[in-house]
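All remarks here apply to the structure that follows.
Every read-out reported here was derived from the displayed coordinates using simple, explicitly stated rules and does not represent laboratory data. Keep in mind that this is a model prediction, so the values were computed, not measured. So basically every Cβ, Gly included, is an ideal-geometry build from the backbone, and we count neighbours across all protein chains shown.
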Amino acid sequence: MLTGNYRLAAAIFIGIFCGFLLVKSDLSWRKTCLNMFLLKDGRLLKTLLFSLGFGVALVYFLQQAEVIAIHVRPGYFWASLIGGVVSGTGLAFCFRVPITAIAALGAGRLYALWSVIGMILAVSFVDIISGKLSSSIYSWSKSLDEPQQADSFLDLSNPVLWIVVLSLISLAFLQFTFRGETEE
């Protein structure tokens, strides 16, 4: 397992690489996200689905090789649902997700600073309100079950396999559904 400076160096390298890919693929532009919502351009959706499928498989195999250790915090249905609604609302207002906002800011697009400031304020807001909500939302339902580790990748009860397969099927569907980004 990576520890200390090697862990930090790996995180910095991966962050720079991902930021470079986001900027070079024009995914840090606000218009790309807007066109996704208007169903004019599917590049962002394709990138997200590919990243989801590849990332889940990568983490699974790295955990199997004991390169990384996964520590899962308990999840709560209502808290996750409310968090998803708040995140979706922020995406609809800013046409950015946190990674694209930071990549846009890193690429010199200073108007992305407003999105980053809003996200920083949202994190502070969550810290403040979390204590008040923990006595209500977390008591509405019990914690979601601990994720189970499948014996093999191709085991049909393995959720990683299903996420990868569904991501690939959705990716293929989007590839044939959205017109190319060069057409206008």
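Data overview
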quantity: Residue order, fewest to most surrounding Cβ atoms within 10 angstrom, among D41, D26, D155; calculated: D155, D26, D41
quantity: Taking Y6, Y60 and counting other C-beta atoms within 10 Å, the order from fewest to most; calculated: Y6, Y60
quantity: Label point distance in nm, S152-L8, each placed 7 Å from Cα along Cα→Cβ; calculated: 4.3
quantity: Net lengthening on full extension, S25/V116 (0.36 nm per residue, minus Cα-Cα); calculated: 30.7 nm
quantity: For a label point 7 Å along the Cα-to-beta-carbon line of A92, residues of segment 99-123 with backbone N under 19 Å; calculated: 115, 118-119, 122
quantity: Where labels lie 7 Å past Cα in the beta-carbon direction, separation of R109 and A69 in nm; calculated: 4.0
quantity: Proxy reagent accessibility, fewest Cβ within 10 Å first, across W162, W29; calculated: W162, W29
